[in-house]
Amino acid sequence: MNELGKILAAEIEKNGPISLYKFMKASLGHPEYGYYSRQEPFGEQGDFITAPEISQMFGELIGLWAVDVWFKLGSPSKFHLIELGPGNGTLMTDALRGARVAPEFLAAAQIHLVENSPRLKAKQATALVGYDISWHDALPDIDGAPVILIANEFFDALPIHQYCYRESEWYERLVTTTESEFVFTLAPEPTSFDQIPAGADDDIFETCPDGEEIISRISELLFVNNGAALIIDYGASDTLLGDSFQAVKGHGHVDPLNDPGESDLTAHVKFATHKNIASARDISVQGPTSQGRFLERLGIEARHHMLSQKANETQKKKLDAQLRRLTSTSEMGTLFKVMALSHNMPTATEGFGS
Ligand SMILES: C[S@@+](CC[C@H](N)C(=O)[O-])C[C@H]1O[C@@H](n2cnc3c(N)ncnc32)[C@H](O)[C@@H]1O
């Protein structure tokens, strides 16, 4: 067992099995041994690749989406541009380059990055050198200027609880140890839910309390200050049941309970739950739509064409592959979904069709 494994095993030995939430939170965020504190997750050399790391086109189009929101808000002379979980800072760098079409947008933007990994904060500072940026460990309280918020693959990295249906009851799935490894077990007592329907035996139901809390906070910020938020992540549009807990290392799937802190643990985002939370707070919701359709509606093909005109043959092939990877139904185009939340906008945000 690795060092983090020993810490978690000692806790289980002392107090009994722990929730999956606790296991996942420590595996990803432990200040010394957590995945985002020590590993180099992104890119071909890392464990997985995210859309902004695949192509500059992704961040540039999101920058244009944000510029359009800003125009629709009446071109305010000050607004808060917030990104949750900025990774290497690539998306924000590309978005700000895309936004150069509107210098007043750049002058009005107060940039906030919400990041809890000191290692990644340092990378973001290097990528965004020259910009005035505030970093926050959690979504900040901001004053009365509109908000434009972006979150790509942020919510899938938040810890979840899982419940398993057995003999007409939901039992929380807990993590315990055998002599040498972590395994799942079920809580001895069932958990009751108000709104969750009965399942079939062995069905899994997942909740993400931190994600729900953050959607609630974003809704509050939008309601008070006006603006829009764009959430891009993978998950089903409406399914609530299913085991989506997974671990990725070196671009392949591994056992999620093995070697905590050494692989990226994720779970699908429950867009239907997020939609309900935002709607209940009088926030307008667009989507979820597929990432492929969203990028096509924002004009990824035109951007690809422009870049290809200045490219040599090798670069052209690379651009074609990037376009396919971001939009094709067999790659990220369908699995990844995009949802926009907004308040007090005269018209809907771009990318979702009529
Ligand atoms: C999967 S990465 C996505 C990175 C980036 N958005 C991209 O698309 O390349 C998740 C990011 O969220 C950050 N993160 C995860 N949990 C967080 C939390 N609770 N608070 C703040 N940042 C968090 C990670 O450190 C990382 O920067």
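The values are calculated or read from the model by the stated rules, or taken from the named source; none is laboratory data. Bear in mind the structure is a predicted one, so any value in this text is a computation, not a measurement. A quick note on method: Cβ atoms are made from the backbone with ideal geometry, for glycine too, and the neighbour counts reach across all protein chains shown. Ligands, DNA and RNA are stripped out before the accessible areas are found, and what is left, the full protein with its side chains, is counted by its heavy atoms. Shrake-Rupley method; radii C 1.70, N 1.55, O 1.52, S 1.80 Å.
Observations
- Residue match in region 126-138 (condition: within 13 Å of the ligand (Cβ to nearest atom), assigned to a loop (DSSP other than H, G, I, E, B), surrounded by fewer than 16 Cβ atoms within 10 Å (Cβ to Cβ) and in contact (Cβ under 8 Å) with a residue 12 or more places away in the chain): yes
- Selection of region 94-108 for residues being within 24 Å of ASP137 (Cα to Cα) and crowded, with 20+ Cβ neighbours inside 10 Å yields ASP94, ALA95, LEU96.
- If the condition is being among the charged types (D, E, K, R) and within 16 Å of the ligand (Cβ to nearest atom), then region 141-157 contributes ASP141, GLU153, ASP156.
- Any hit, region 4-11, residues being in contact with a helix residue (DSSP H, G or I) (Cβ under 9 Å, 6 or more places away or on another chain) and free of Cβ contacts under 8 Å to residues at least 12 places away in the same chain: yes
- Evaluated against (1) open to solvent by 30 Å² or more (accessible area, probe 1.4 Å); (2) free of Cβ contacts under 8 Å to residues at least 12 places away in the same chain, GLN322 falls short on exactly one condition, (2).
- Test for PRO52: is it assigned to a loop (DSSP other than H, G, I, E, B), in contact with a helix residue (DSSP H, G or I) (Cβ under 6 Å, 6 or more places away or on another chain) and in contact (Cβ under 8 Å) with a residue 12 or more places away in the chain: no
- Of residues in region 209-234 being of a type in the set (Asp, Glu) and surrounded by fewer than 19 Cβ atoms within 10 Å (Cβ to Cβ), the one farthest from the chain's Cα centre (by Cα): GLU220
- For region 235-276, taking the residues that are open to solvent by 40 Å² or more (accessible area, probe 1.4 Å), closer than 30 Å to PHE79 by Cβ and not basic (Lys, Arg), the one that is modelled with the lowest pLDDT is identified as SER237.
- The residues of region 147-180 that are open to solvent by less than 20 Å² (accessible area, probe 1.4 Å) and closer than 30 Å to PRO76 by Cβ, listed by number, are VAL147, ILE148, LEU149, ILE150, ALA151, ASN152, PHE155.
- Inside region 292-318, residues that are of a type in the set (Asp, Glu) and open to solvent by less than 100 Å² (accessible area, probe 1.4 Å) make up a count of 1.
- Residue list for region 277-291, filter: exposed (fewer than 15 other Cβ atoms within 10 Å of the Cβ) and touching a Phe, Trp or Tyr at 6+ places or on another chain (Cβ under 7 Å): ASP282
- Residue check, ALA122 crowded, with 20+ Cβ neighbours inside 10 Å, aliphatic (A, V, I, L, M) and either more than 11 Å from the ligand (Cβ to nearest atom) or closer than 20 Å to MET57 by Cα (or both): no
- Scanning region 35-46 for residues that are under 16 Å from the mean Cα position of the chain (by Cα) and not in a helix (DSSP H, G or I) returns PRO41, PHE42.
- Inside region 43-87, residues that are among the aliphatic types (A, V, I, L, M), open to solvent by less than 10 Å² (accessible area, probe 1.4 Å) and within 23 Å of GLU331 (Cα to Cα) make up a count of 4.
- Residues being touching a helix residue (DSSP H, G or I) at 6+ places or on another chain (Cβ under 7 Å), of a type outside the set (Phe, Trp, Tyr) and within 25 Å of ALA247 (Cβ to Cβ) - total across region 127-173: 8
- For region 18-42, filtered to residues that are of a type outside the set (Lys, Arg), open to solvent by 40 Å² or more (accessible area, probe 1.4 Å) and more than 11 Å from the ligand (Cβ to nearest atom), the residue that is farthest from PRO260 (Cα to Cα) is GLU40.
- For region 52-93, residues that are within 14 Å of the chain's Cα centre (by Cα) and more than 10 Å from the ligand (Cβ to nearest atom) total 1.
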